[in-house]
Amino acid sequence: MNISRFRRLDRYIVPVLILAGWEAFSRSGALPAALLPAPSTVVWAWADWIFGTDGNTQTYSGHWLLDMAASFSRVLAGFAIATALAVSAGVAIGWSRATEVIIEPTLQILRPIPPVSWIPLAIIWFGIANKPAIFLVFLGAFFPILLNTIHGVKNCDRNLIRAGAMVGGGNRQLLRFIVLPAALPSIFAGLRIGIGSAWMLTVTAEMVAVKSGLGYVLWDSYYFLRYDLVLAAMASIGLLGFLSDLAIRTVMARVLHWQRNTTIQRGGE
Amino acid sequence: MATIEISHVSKIFKDSKRKADIIALDDINIEVAKNQFLCLLGPSGCGKSTLLNMIAGFEKPSAGTVMVDGQPITAPGSDRGVVFQQANLMPWLPIWENVGFHLLLRGGQKAVRRATAQRYIDMVGLTGFENHYPSELSGGMNQRVGIARALLMNPQVILMDEPFGALDEQTRMEMQNELVRIWQEHQGTIVFVTHGIDEALTLGTHVAVMSARPGRIREIIPLDLPRPRDITSPQFNEIKRHILDLLRSERAKSSLETVDHP
């Protein structure tokens, strides 16, 4: 019992030590307090940003929910479009050699272009608003999902397809009842990488091409030398990124529940 | 009319690395009558699995024809149930859905699928494991699921490709007895590929002994041993000796026979 209680606590040891050390360092006066705000200062700013406690973040006081929603909706929109297109394109490319020959070379040439380098064109095409951000999120999430889907479809066990043909399955049924379920673990791996890129690109777009959202607050606070708010924005982005990944993992655990006995990892705790 | 007719079937694989053709099967002629249990017996590499895959429709002969019920085989189909070397079950489906996979593809109602699958699950002795997943069952149990999946389609022909090869001796004997029981109760034509002489003699009504490279039929031996078969009886040993002689003389002359590219 002592051991299991220790196990529950031991995951907090490193974060607590880091925070305590950081707090001590900031208060020691080795650096001007404004350059590296102590965690307590950050929490104070963050609390005001979220709840409007004492108005120390001025125009942002109490605006966190709106800023978060702005970023989150961009991630969601771009990610949803990317998922829909990448999964269907990936299945088509992985399944049919003809489609692969027609589409894949083009995609492979576009892929190495970093999504952020599209920012100028995105602004010219879509203006300064939601659309360029959604476009960038889409670009960032599309390729990891696409590549993983192709990989999953191509790696489908040929023997399972034979078994499906044996019980009388036509091509469409083999795709629907064998190839797609077999590719799901790979597709989910792609989704998890994709959601990471999605947050990265939302924040980037908001720093450059959009006038709202967590990324905008981050950049704006930097101009106003409010590093406590910069850190609070960074923490917010980290938290939301973590939560969206958690959501995908939860769905994945449900959909892929049959995998539980085939993986080595058994949930750690 | 024979249920399965294999006439003048040859199969040549191109080996691009050695720039030579490999004759996997050379002018095979076999007729399998209805309700016959034919064991294809031969050393590994003799093309017995290739022959089975042609009946299943997974592979095409380079020459000759394979007919089932008078129809030439062009593709896999649910009139021929295949039990594979590995069970090849869908890991994401519970046992009952795997057994009823044929019905799932045909869009049957869940209750009907469940009830039909149950009959075959009971038949292969897996009652109580309906909602387990393949990863939760042993190799022998998964092989039973594979057999039930093939039986459920009520096929004309059942093709088995060393289905008990990966099982331990005890489980294999148990599965052989059960297969014979199911075959006796439900009738049907079975082609069973094996490299085990005892297995062939325990199961079949006929044994086709094959030679390797090029794969040829050496002899088709009808077995009228009483069932259940006693693998220590004199008649059993007599046939076994005969088959061993066939295989031994084969090994003496066999070398890698290939034909050079023109």
Subject >> Nearest-20 debye value, the protein assembly as shown charge dipole, Cβ charges on Lys, Arg, Asp, Glu >> reply: 480 debye
Subject >> Computed label-point distance, nm, for sites A:Ser73 and A:Ala30 using a 7 Å Cα→Cβ extension >> reply: 4.4 nm
Original post:
Given the options B:Ser78, B:Ser49, B:Ser233, which has the most mean-square fluctuation in a GNM of chain B, springs set between C-alpha atoms less than 10 angstrom apart?
Top reply: B:Ser233
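Determine the shielding of peptide B:221-227 by partner chains: average, over its residues, the number of Cβ atoms on other chains within 10 angstrom of each Cβ.
0
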Subject >> Per principal axis, descending, Cα span of the range A:172-233 in whole Å >> reply: 59, 20, 10
**OP:** Kindly provide the helix-only [θ] at 222 nm of chain B, computed as the sum of -39,500 (n - 2.57) over DSSP H runs of four or more divided by all residues, to the nearest 500 deg cm²/dmol?
**Re:** -11000 deg cm²/dmol
**OP:** Let me know the mean shielding of B:88-94 by other chains, meaning the per-residue number of their Cβ atoms within 10 Å of its Cβ.
**Re:** 6
Original post:
For A:Ile124, B:Ile6, A:Ile119, A:Ile145, what ranking results if the residue with the fewest other Cβ atoms within 10 Å of its Cβ goes first?
Top reply: A:Ile124, A:Ile119, B:Ile6, A:Ile145
Original post:
Which residue fluctuates the most in chain B, going by a Gaussian network model with Cα springs under 10 Å, if the choices are B:Val207, B:Val68, B:Val82?
Top reply: B:Val68
Original post:
Looking at the range B:1-118, how many pairs of lysines come closer than 25 Å at the Cα, when each pair is eight or more places apart or spans two chains?
Top reply: 12
Subject >> the range A:98-135 versus the range B:197-211: alpha-carbon centroid distance in Å >> reply: 63 Å
Subject >> Rotationally averaged projected area of chain B (alpha carbon convex hull; nm²) >> reply: 15.4 nm²
**OP:** Using only alpha carbon pairs under 8 Å that are at least six residues apart, calculate the relative contact order of chain A and give it in whole percent.
**Re:** 21 percent
Subject >> Electrostatic dipole magnitude of the range A:111-269 [Cβ: Lys, Arg +1; Asp, Glu -1; Cα centre; debye, to 20] >> reply: 720 debye
Original post:
Which of B:Asp168, A:Asp220, A:Asp48, B:Asp224 comes first, and how do the rest follow, when ranked by fewest Cβ neighbours within 10 Å?
Top reply: B:Asp224, B:Asp168, A:Asp220, A:Asp48
Subject >> Cα principal axis extents for the range B:25-102, largest first, Å >> reply: 43, 30, 25
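Based on the mean of other beta carbon atoms within 10 Å per residue, what is the order of A:251-259, A:182-190, most packed first?
Numbers: A:251-259: 14.2, A:182-190: 21.6.
Going from most to least packed, we get A:182-190, A:251-259.
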Original post:
If Lys and Arg each add +1 and Asp and Glu each add -1, what is the summed charge of the other residues whose beta carbon sits under 13 Å from the beta carbon of A:Ile145?
Top reply: +2
Original post:
Using the alpha carbon gyration tensor of the protein assembly as shown, what are the three equivalent-ellipsoid semi-axes (square root of 5 times each eigenvalue), largest first, in whole Å?
Top reply: 64, 27, 21
Original post:
So for the protein assembly as shown: antiparallel DSSP bridges make up what percent, rounded to the nearest 5?
Top reply: 55 percent
Subject >> Debye log10 I(q)/I(0) for the range B:90-182, one point scatterer per Cα, at q = 0.22 Å⁻¹ >> reply: -1.15
**OP:** Please state, to two decimals, what the Cα-based radius of gyration of the range A:38-164 comes to when divided by 2.2 N^0.38 Å (N = residues).
**Re:** 1.53
**OP:** Note the full-extension length gain between B:Ile220 and B:Arg248 as 0.36 nm times their separation in residues minus their Cα-Cα distance, in nm to one decimal.
**Re:** 8.4 nm
Subject >> Residue mean of other protein chain beta carbons inside 10 Å, A:158-165 >> reply: 6
Subject >> Fewest-first ranking of B:Arg172, A:Arg172, A:Arg249, using other Cβ atoms within 10 Å as the exposure measure >> reply: A:Arg172, A:Arg249, B:Arg172
Subject >> Alpha-carbon Rg with Dmax, taken over the range A:19-112, Å >> reply: 23.6, 66
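Every read-out reported here was derived from the displayed coordinates using simple, explicitly stated rules and does not represent laboratory data. The structure presented is a predicted model; accordingly, all values stated were derived computationally and were not measured. As a convention, Cβ positions derive from the backbone with ideal geometry for all residues, glycine included, and neighbour counts pool all protein chains shown.
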